[in-house]
Structure formats: structure tokens, C-alpha cells
Amino acid sequence: MNSDERQFEDFVSEIKFDDSPDYSHRDRLEQDLLAALTKQSRQKEQPLQIWRTIMKSQITKFAAAAAIIVAAVLSITILDKSATPAYAVTDLPELFEQAKVIHIQGWQYFGGDRMPNGKKIPPVEVDNWIDLENGRSRYTGTGLSIDKNGVRVTVAETISNGQYQVNLNHTEKYVTFFRISDYQRMLKAHLISKLIYGQIFSEIEQLQNFEKVGWEQIDEVVYDIWQGEMIHAVIKHAKRLKFWLSPNSGALGRVQMWSQVNDDQWELEFDFCDIDYNVVVPDGVFAMEVPEGYASKNTRETAMPLELGGGAGVGYGDEQCSLWADTKIGFIMGDGSVIVAWRSENNKSETPQDELFMGLEFGGPLPKLPVEIYGLKPAAVSSDITYTGYHLTYTQKAGKFIEWSLYVPDGTPPASVRQLGCDVLYRFNLDHEPKLRMGLTVDCMPIEAVEDFDKWVLGAMAELSDDGKAPDNVTYESVLQLAEQIRKSSPK
């Protein structure tokens with residue numbers, strides 16, 4: 001990290017984006033797959049089979065969108081066809097003055113899901129606040145449950161002040177408090193600062209596939225409309241992003257996110273249609289109080305720790321299995337190899353999890369978990385590169401086993417992996433083949449030196465360990481040496 005980057009990170013060290021839902025809510029998702037953020041299969045030939053997907057989208061998607069919006073408000077730089085920077089603003093203090101407080105309003109839609117009568121599910125109003133200056137945020141999250149009895153939409157809000165987070169479930173009318181660890185505070189500030197720094201100084205890999213598709217005037221301001229698509233390596237369907245950017249100021253006026261449900265059919269998922277910044281925050285927006293009529297699961301004094309990487313994953317249930325799989329965190333090393341923490345469980349299995357982790361060796365095969373993340377593909381771009389996974393170590397947190405794997409590419413991966421991450425490749429280690437397609441993507445935080453590794457990778461291992469310690473056998477040097485050995489032994 002150079003001095004400019006370090007100064008920049010210090011400047012935004014209080015930025016926080018928290019994207020984990022209620023802890024007990026997540027626990028219910030894992031156990032019975034009957035809570036929010038679910039989707040019912042339309043497998044007509046098997047009417048008794050129900051599968052549900054808890055996407056890294058409904059809650060986490062806003063956190064990612066917020067990061068993009070922050071970067072755009074601070075002047076996203078897009079290269080046009082002539083390779084001439086457009087919308088560029090280089091006065092860093094002025095940029096932050098423009099975006100001390102960001103207010104984002106709009107609507108969340110439910111894509112291709114429908115009511116039992118075939119009608120579209122009504123959208124949910126979104127009202128989000130980001131206070132960069134004081135490290136506070138408030139955003140809306142939704143859940144969707146569909147079964148033979150109908151549709152249920154759950155609406156919740158998450159408020160964070162950097163040290164604590166409170167989740168307000170407006171549907172069930174209860175409140176849960178969480179305590180944010182020092183590691184997670186540092187991590188989120190680091191990631192957001194790196195994103196914004198990269199955008200301002202023209203590291204724009206993630207926007208090279210965007211093109212200008214039109215213009216629109218909103219409240220007497222003319223905006224250029226930029227559009228780009230990202231295709232998942234496993235589920236193949238794409239996500240489409242549209243940005244309304246002022247060519248005069250670089251201000252972002254609107255953002256839309258679309259999902260491809262069929263080859264020629266796109267459904268709107270998010271429409272952030274009103275984005276204001278440097279506005280006065282009304283009293284009570286960031287208040288961490290229990291609303292009248294709401295039950296409180298705990299208090300700020302008894303707040304439970306916020307789990308690193310918790311609250312997002314994929315669940316599936318049928319007569320033979322009850323699966324859960326998720327990724328916790330990912331890192332990309334200087335040589336292009338990727339470290340991912342992930343886990344998988346089958347709640348109907350009679351085999352204890354600890355047996356699946358017996359006899360594993362550093363650099364050896366992965367544990368044969370119910371859903372095995374055996375490889376990765378670069379996300380959102382067309383690439384022939386495939387990463388193959390090898391076991392590094394494992395940790396335990398609150399009774400859950402977490403696998404730490406090293407994924408080595410079979411060639412030179414595209415630079416976009418550092419911004420867009422990787423799509424997960426998986427296989428089932430079951431007696432049957434579930435009717436499930438997972439669309440998991442893992443972000444890849446760059447690790448350039450031993451200091452980065454010790455702070456972030458070993459810090460994450462300690463964070464996801466009951467004893468608060470990282471395993472002794474994993475070091476920066478040993479991981480790089482293992483990756484090099486794998487490359488040399490792999491067939492060309």
C-alpha cells in the first residue's frame with residue numbers, strides 16, 4: 001500500500017456497510033429452510049419436491065449496490081470508446097464534501113416470482129441512508145417465502161453505527177442487537193476504501209464492459225445512461241446494471257438492477273430512483289432504539305457477536321436431504337491463487353461433521369462435504385480459466401466446521417477477479433442428485449504481502465475460531481509455496 005492509499009484509507013476508516021441479517025433468523029434458515037429469502041421450485045413433474053434458494057442478493061445485494069453507489073457518487077470514472085476519461089473529478093476533498101451523507105430511495109421487486117394467481121408480487125419501498133462522515137448506515141432488507149399457501153414478504157431494516165448493529169424485523173415486530181468485532185470494522189473500512197480509491201484513480205476493470213445506451217433528464221439534470229451485463233459461470237443467467245450519470249458533475253442519479261429469467265426475458269429487481277447526497281439527516285434515522293410495540297430479543301449490553309460472512313448462502317430441502325452451503329470470505333494472493341473459507345451441511349445426514357474433517361492434509365484433497373466447492377471461475381467475464389481447490393486447514397465456530405481451501409488457476413486469471421471475484425463450482429456428495437443450481441459468488445480481497453496475510457487472512461481464521469486463534473500451519477510463505485508446487489505438478 002502506497003502512502004496515498006494509506007492516507008485515503010485513514011480518511012474513510014469509519015465507513016461501514018453491514019450486510020448480515022438477524023442471527024436467529026439465519027439460524028432458522030439453515031435448520032428448516034422455511035424463513036425469508038426463499039424461492040419455491042417450479043418443477044411441475046415433481047410436485048412434492050420443494051427447493052429454496054437463499055441468495056447472496058436480497059440482503060447482501062444492497063450492501064454491494066451501496067458500495068457501487070458510494071463510488072459513483074465519489075465520481076465513477078468510465079472509459080468511453082475513445083479511451084478518454086469521462087465524468088472525472090480529481091479533487092478528493094471536494095468529492096467527500098459532496099457525499100458526506102447519501103440518501104437512497106427506491107423499490108425492490110421480486111423478479112420472476114409470482115403470486116399464486118400469476119400476478120406480480122407488489123414491490124417493497126426502500127429507504128437507505130449512508131453517513132460516511134460518522135460511519136453509520138441504515139438500509140432496508142426483504143425476504144420472500146413462497147409455498148402452496150401463498151406468498152409472504154418479510155421487511156426488515158438494519159442500522160449500524162460501527163460498533164453495534166440493530167436489526168428491526170417490521171413483519172414479526174422484533175429487534176435484535178449485534179456487536180461488531182474490531183476485525184470486521186477494520187475489514188469493512190479497508191474494503192470500501194480500496195473500492196473508492198480504485199474508482200477515483202481509474203482502476204475500472206469492473207466497468208469496462210459498460211456502454212452508453214441513451215440519456216434522460218431528471219429534475220432538470222441531464223444524465224447519460226450506462227448499461228452492462230454480468231453472467232454467472234454456473235447458472236448462466238445474467239445480471240444487468242444500469243447507471244444514470246451526469247456528464248457535467250459525475251453525479252449518480254439512478255441505479256437499476258435487472259435479472260435474466262429466460263433467454264429473452266429480464267425482470268427488474270432494484271430501482272434506486274432517488275439518490276441525494278450531502279443532505280441533512282432527520283432525527284431518529286440512526287437511533288438504536290426499540291420501536292413501540294416491538295419485542296426485543298436482547299439489549300445493546302447483551303448484544304451477540306456479529307458473525308463474519310453470516311447470513312448469505314444457499315439452502316435446499318427434499319425428502320432425502322436438508323442442505324446448507326455458503327462462503328464466508330475470500331482472498332486473492334499476489335500469484336493469482338485464491339483462498340476461500342466455506343462450509344456445507346446436510347441436516348438429515350447421520351454422519352457427524354467431524355468425521356468428514358478427519359485425516360485431511362495441507363495441500364491434499366478437499367473434505368467430502370455434502371456440497372463440495374471443488375473449484376472457481378472468474379465472475380462476470382468470459383474466461384477459460386478454472387481454479388481447482390486444495391485443503392489448507394479448517395476452523396470451528398459455534399459448533400460449525402469451516403473449510404479453508406486454496407484454489408489454484410490453470411492459467412493466468414483475468415485482472416477482473418480482484419474487483420468482481422469468482423463464481424463457485426460445486427458438486428454433491430450425496431446418494432442422489434438434488435434439483436438445485438447454486439449461484440454463489442465469492443469476493444476476493446487482494447493480499448500482496450506477508451503483513452496483509454497476517455492481518456486479514458489469519459485474522460479471519462481467528463475470527464471464525466472459537467478460541468480466537470488461527471491454525472499454526474498456515475503462513476504466507478507456505479501458501480505461496482503450495483500454489484507453486486501445484487502449478488509445477490499440474491499437466492500442461
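The values are calculated or read from the model by the stated rules, or taken from the named source; none is laboratory data. Quick caveat, the model's predicted, so the values are computed rather than measured. Heads up, the Cβs are rebuilt from the backbone with ideal geometry, glycines too, and the neighbour counts pull from every protein chain shown.
Things to note:
- Any hit, region 246-259, residues being under 30 Å from residue 464 (Cα atoms) and under 18 Å from the mean Cα position of the chain (by Cα): no
- Meets criteria (within 22 Å of the chain's Cα centre (by Cα), within 25 Å of residue 230 (Cβ to Cβ) and not hydroxyl-bearing (Ser, Thr, Tyr)) for residue 385: no
- Condition check for residue 328: in a loop (DSSP other than H, G, I, E, B) and touching a helix residue (DSSP H, G or I) at 6+ places or on another chain (Cβ under 8 Å): no
- Contact map, region 354-378: residues that are without any contact (Cβ under 8 Å) to a residue 40 or more places away in the chain paired with residues that are of a type in the set (Gly, Ala, Ser) and assigned to a loop (DSSP other than H, G, I, E, B), Cβ distance under 9 Å, separation 6+ or inter-chain. No pairs are found.
- When each of 327, 299 is tested for being touching a residue at least 24 places away in the same chain (Cβ under 8 Å), β-branched (Val, Ile, Thr) and farther than 23 Å from residue 188 by Cα, the lone residue that passes is 299.
- Taking the criterion of being touching a Leu at 6+ places or on another chain (Cβ under 9 Å) and more than 19 Å from residue 139 (Cβ to Cβ), the residues of region 254-289 that qualify are 258, 259.
- Residue match in region 361-370 (condition: on the phi > 0 side of the Ramachandran plot and modelled with pLDDT of 90 or more): yes
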